[in-house]
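Report on the structure given below.
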Amino acid sequence: MKHPLTTLLALVAGLAAAATATAQKFEGLALTPPMGWNTWNTFASNIHEELIMATADAMVANGMRDAGYVYIVLDDTWSALERDADGNLQAHPEKFPSGMKALGDYLHERGFKFGIYGCAGRKTCAGYPGSWGHEFQDARKFAEWGVDYLKYDWCHTDTADPRDAYLRMRDALYAAGRPIVFSICEWGQSRPWEWAADVGHLWRTTGDITDCYDCVQRWERGWKVILDLQYSLVQPHDGQNNGIGRYAGPGHWNDPDMLEVGNEGLTLAESRAHFSMWCILAAPLMAGNDVTKATPEVLAILTDPEAIAIDQDPLGKQGWRFRAETGREIWVRELAGGDWAVALLNTGDEPARLSVDFSHMWFIEGERRIRDIWKKRDAGTTAQPFTDVIEPHGVALLRLMRP
């Protein structure tokens with residue numbers, strides 16, 4: 001006869017094995033790249049509940065919510081500096097005196113989804129409590145608060161294996177029972193596009209972005225530098241699509257980081273080009289500006305329905321760089337229904353008259369109508385080259401449609 005303790009241990013081991021076997025990420029989420037707003041790019045640690053509520057109200061009034069920006073994500077520094085007596089994460093008592101559940105309820109009542117930040121290490125990047133060793137406890141707390149989106153960072157992780165750490169949080173979220181979009185943020189160091197499709201819904205491919213075109217500041221980079229870094233990871237493997245692009249699709253997206261559209265380091269042309277290129281990449285569109293002070297011109301970029309339709313295209317194919325020459329790059333993306341998106345980017349520092357000759361694009365069959373997205377005009381057909389004068393670091397974003 002087996003000893004009762006042996007029987008109990010075998011039962012516990014069996015239950016753990018069964019739980020592991022059935023654990024998974026939540027399916028049916030992020031079927032198109034997530035859209036929303038994140039606190040970090042503009043406000044960093046200077047966040048509080050009044051700011052979040054004012055932002056949500058502004059996004060209802062200015063049309064961003066209805067344009068698809070539904071995830072409002074609190075980044076680092078939302079929590080207290082210590083866990084409570086039971087080891088639970090808790091809201092910062094001065095910044096969020098009403099607590100996370102109340103804030104989540106406020107956002108849900110206004111048609112938003114509630115996003116929050118966590119970290120796989122013992123501390124977050126800003127030194128607040130991380131989730132190492134508390135994954136299942138924290139996941140239950142996130143579910144209790146009504147969280148819909150978790151950005152999970154990678155600071156203070158020592159020699160931890162990212163696959164193991166992110167898998168643990170994936171399993172913890174699933175065990176907690178509330179469907180949560182899981183955003184993996186380890187900056188592409190372990191090539192997550194190769195392993196994370198069954199773990200998270202999106203994963204960072206590069207380091208952090210900042211509000212400039214091509215600068216490098218500490219670990220932060222301008223959007224064009226990130227675009228180039230992304231391309232360096234994705235050399236063509238089949239003559240058309242970039243290598244990393246084959247890992248992206250409904251429910252699993254490459255993430256080149258948040259948007260800097262509308263922030264002071266970018267010209268309006270650079271903001272428009274930045275947004276266009278993220279749409280070509282099928283990237284998540286997480287705004288990072290102060291939307292309570294956004295100008296009509298910036299809002300026109302962020303809420304443009306034709307540009308957003310490219311980003312949110314249900315086919316889910318990531319775009320790729322077709323041609324790069326001095327002063328000019330051409331990027332293309334295949335869309336549902338046989339359409340194509342084309343971005344003509346002026347990489348020079350002066351206005352330039354640039355062209356696209358569609359006869360060189362052997363992968364596009366038949367003549368197409370050209371829609372100029374930003375100028376809101378029809379622009380002939382692909383039987384003739386498209387030509388326009390484009391601002392420095394600006395873009396022409398085109399949709400090629402069947403007759």
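At a glance:
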item: Residue match in region 310-329 (condition: of a type in the set (Asp, Glu), surrounded by fewer than 21 Cβ atoms within 10 Å (Cβ to Cβ), closer than 30 Å to Phe363 by Cα and over 19 Å from the mean Cα position of the chain (by Cα)); result: yes
item: Subset of region 58-112 [among the small types (Gly, Ala, Ser), out of contact with any Gly (no Cβ under 8 Å at 6 or more places or on another chain) and assigned to a helix (DSSP H, G or I)]; result: Ala58, Ala61, Ala67, Ala102
item: Residue ID - surrounded by the fewest Cβ atoms within 10 Å (Cβ to Cβ), chosen from residues in region 93-116 that are among the charged types (D, E, K, R) and under 20 Å from Met286 (Cβ atoms); result: Arg110
item: Condition check for Gly130: surrounded by 20 or more Cβ atoms within 10 Å (Cβ to Cβ) and touching a helix residue (DSSP H, G or I) at 6+ places or on another chain (Cβ under 6 Å); result: no
item: Subset of region 171-226 [without any contact (Cβ under 8 Å) to a residue 12 or more places away in the chain and touching a Pro at 6+ places or on another chain (Cβ under 7 Å)]; result: none
item: Residue among Leu268, Leu302 that alone is surrounded by 21 or more Cβ atoms within 10 Å (Cβ to Cβ), assigned by TED's automatic domain parsing to the domain that holds Ala58 and either modelled with pLDDT of 95 or more or among the acidic types (Asp, Glu) (or both); result: Leu302
item: Residue within region 150-170 that is within 22 Å of Gly99 (Cβ to Cβ) and either without any contact (Cβ under 8 Å) to a residue 12 or more places away in the chain or out of contact with any Cys (no Cβ under 8 Å at 6 or more places or on another chain) (or both) present; result: yes
item: Matching option when the condition is in contact with a Phe, Trp or Tyr (Cβ under 6 Å, 6 or more places away or on another chain), touching a residue at least 12 places away in the same chain (Cβ under 8 Å) and more than 30 Å from Asp76 (Cβ to Cβ), among Gly319, Gly348, Gly338; result: Gly319
item: Every pair of residues 6+ apart whose Cβ atoms lie under 7 Å, when the first sits in region 366-379 and is farther than 7 Å from Leu398 by Cα while the second is modelled with pLDDT of 95 or more and not in a strand (DSSP E or B); result: Glu367/Thr382; Glu367/Ala383; Arg368/Thr382; Trp374/Arg272
item: Test: residue in region 298-320 that is part of a strand (DSSP E or B) and of a type outside the set (D, E, K, R); result: yes
item: Subset of region 349-378 [farther than 17 Å from Glu325 by Cβ, surrounded by fewer than 18 Cβ atoms within 10 Å (Cβ to Cβ) and hydrophobic (A, V, I, L, M, F, W, C)]; result: Trp362, Phe363
item: Complete set of residues in region 285-298 that are surrounded by 20 or more Cβ atoms within 10 Å (Cβ to Cβ) and either of a type in the set (Val, Ile, Thr) or touching a Gly at 6+ places or on another chain (Cβ under 8 Å) (or both); result: Leu285, Met286, Ala287, Asn289, Val291, Ala294, Val298
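The values are calculated or read from the model by the stated rules, or taken from the named source; none is laboratory data. Remember, predicted model here, so these are calculated numbers, not experimental data. Cβ: placed from backbone, ideal geometry, glycine included. Neighbour counts: every protein chain shown.
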